[in-house]
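Enquirer: Provided herewith is a single structure, encoded as structure tokens, for subsequent inquiry.
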Amino acid sequence: MATTRNQLKRGGAWRTHLGARHAPPRLHLTTDTYLIQTQPGLESVAMAEAALRSRGVRELGARAVPGRAGIAILDAPSPAGLPAMRTAEDVFALVGYHRAPAAADLLDRISATVHTSPLIANALPTRLLFTPGVRSGRRLRFRVVTRMIGEHEFRRVNLQSAVERAISARNDHTWRLTDEGADVEFWATLLDREFFLAIRLSDSSMRSRDYKVAHMPGSLRPSVAAALGMLSDPQPEDIVLDPFCGVGTILIERAHLGRYARLIGGDRDDGALAMARENLGSRYQPIALNCLDATAVPMPQHSVTRIITNLPWGMRHGSHAENRRLYPRLLTEFRRLIHPRGRIVMLTAETRLMGELLRKGALHLERSLPVTILGARAAIYICRPADG
Ligand SMILES: C[S@@+](CC[C@H](N)C(=O)[O-])C[C@H]1O[C@@H](n2cnc3c(N)ncnc32)[C@H](O)[C@@H]1O
């Protein structure tokens with residue numbers, strides 16, 4: 001069945017609240033309210049992963065810092081599973097929120113929100129779940145990271161000092177502002193009329209992975225690779241193929257999302273395959289890594305149940321002209337390889353070309369998700385065989 005233009009534009013049900021022009025519903029924070037930060041466009045995937053890892057998760061909303069971050073907001077009464085999240089770049093406790101209809105005294109209102117927040121006391125011990133050994137106590141050194149989107153009568157530095165002063169003036173701890181070695185990191189985000197104060201619970205180990213010993217320019221961020229794996233709807237019987245496996249990030253992230261029958265990586269570059277072997281080590285069995293051309297994979301028809309891959313974008317790898325020849329051949333090969341009830345998840349910045357091919361019926365598009373990866377607009381396509 002050919003794909004309609006609307007299916008391509010729609011971008012999945014979860015995205016509707018991000019695209020909405022009207023003000024998002026006001027939030028009501030509790031001691032269980034968390035904010036998960038993702039690469040832009042992947043909020044819904046992180047929300048789904050949080051619900052799998054943590055019982056009783058309730059979605060409160062999603063926001064975006066345009067081009068820089070996606071934000072999923074949720075209540076999680078049992079947060080013990082959240083530190084294991086793979087699609088998140090960071091997890092925060094949301095400890096302050098203000099939505100103002102008018103802007104005149106916005107900074108004063110923000111200061112009051114920060115100064116009086118009763119949720120900070122609960123959030124401080126929660127840091128131990130994510131970063132064991134983090135310092136607590138009466139005297140705490142803090143720093144503030146500020147982001148500001150929209151038109152305001154003050155600058156970001158004014159917001160920064162207002163928040164810093166309000167924290168310093170709190171009497172629950174002796175708060176001391178520091179540039180380095182902070183015990184507590186506050187993130188103050190003003191998105192148009194909404195202000196969010198969050199305490200960072202995770203550290204940089206959430207977004208980086210210890211398996212990544214070999215790197216290659218253009219290799220995918222682990223949180224994005226994990227999102228592709230999540231969107232493939234992982235099943236224990238999966239035979240997973242990544243025919244552009246590069247250093248192996250997608251296969252490794254898929255392996256961490258649950259059981260599978262077999263992982264298969266292919267790349268035409270022996271150097272990339274050597275790096276993939278280094279990253280994989282002896283874990284993640286059974287696995288096969290083969291030097292191959294993705295348009296002619298030496299495997300039988302219908303022999304894989306999942307193809308999860310990051311296609312050449314025509315920027316660092318190949319060119320747009322090459323992709324116009326490559327993509328139709330690729331989709332034909334994927335259609336041959338995929339099991340009739342299988343699923344294909346592809347990431348690319350070649351959205352116009354992919355749109356053309358899908359509208360012609362190369363594969364059946366279930367859902368597409370617009371994302372921004374390191375500033376570049378791209379999309380994730382979740383497809384089934386056209387006649388499946
Ligand atoms: C498209 S990206 C995938 C990056 C990968 N996801 C990662 O994280 O490293 C680049 C890889 O695709 C490989 N490649 C490009 N064209 C190919 C083709 N026709 N068949 C197989 N591999 C190809 C390149 O050798 C390179 O390793």
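Enquirer: Looking only at residues that are charged (D, E, K, R) and outside any strand (DSSP E or B) in region 26-69, which one is farthest from ASP233 (Cα to Cα)?
Expert: ARG26
Enquirer: How many residues, within region 275-290, are in contact (Cβ under 8 Å) with a residue 12 or more places away in the chain and either within 11 Å of the ligand (Cβ to nearest atom) or polar (S, T, N, Q) (or both)?
Expert: Qualifying residue count for the region: 4.
Enquirer: Looking for whichever is of a type in the set (Asp, Glu) and either over 30 Å from GLY248 (Cα atoms) or within 16 Å of the ligand (Cβ to nearest atom) (or both) here; the options are ASP183, ASP233. Which one fits?
Expert: ASP183
Enquirer: Same structure, new question: Name the residues in region 201-218 that are surrounded by fewer than 17 Cβ atoms within 10 Å (Cβ to Cβ), in a loop (DSSP other than H, G, I, E, B) and hydroxyl-bearing (Ser, Thr, Tyr), would you?
Expert: The one that is surrounded by fewer than 17 Cβ atoms within 10 Å (Cβ to Cβ), in a loop (DSSP other than H, G, I, E, B) and hydroxyl-bearing (Ser, Thr, Tyr): SER208.
Enquirer: Just to verify a result, which residue in region 22-38, among those that are at pLDDT 95 or above and in contact with a helix residue (DSSP H, G or I) (Cβ under 7 Å, 6 or more places away or on another chain), is nearest to ILE120 (Cα to Cα)?
Expert: My answer is THR31.
Enquirer: Is it the case that region 349-365 has a residue that's away from the ligand (no atom under 15 Å from the Cβ), surrounded by 18 or more Cβ atoms within 10 Å (Cβ to Cβ) and within 21 Å of SER44 (Cα to Cα)?
Expert: Looking for residues that are away from the ligand (no atom under 15 Å from the Cβ), surrounded by 18 or more Cβ atoms within 10 Å (Cβ to Cβ) and within 21 Å of SER44 (Cα to Cα), one finds at least one in region 349-365, hence yes.
Enquirer: Continuing with the same structure: On the given criteria, is ARG68 surrounded by fewer than 18 Cβ atoms within 10 Å (Cβ to Cβ), of a type in the set (Lys, Arg) and farther than 30 Å from GLY229 by Cα?
Expert: no
Enquirer: Residues that are in contact with a strand residue (DSSP E or B) (Cβ under 9 Å, 6 or more places away or on another chain), of a type in the set (Val, Ile, Thr) and in the same structural domain as ALA48 (by TED's automatic domain parsing): which strands (runs of 3 or more DSSP E) entirely in region 79-192 hold 3 or more of them? Walk me through how you get there before you give the answer.
Expert: Numbers: elements: 90-99, 139-149, 174-177, 184-191.
So the answer is 139-149.
The values are calculated or read from the model by the stated rules, or taken from the named source; none is laboratory data. Note that the structure is predicted; figures quoted are calculated from it, not measured. Every residue, glycine among them, receives a Cβ derived from its backbone with ideal geometry; neighbour counts consider all protein chains shown.
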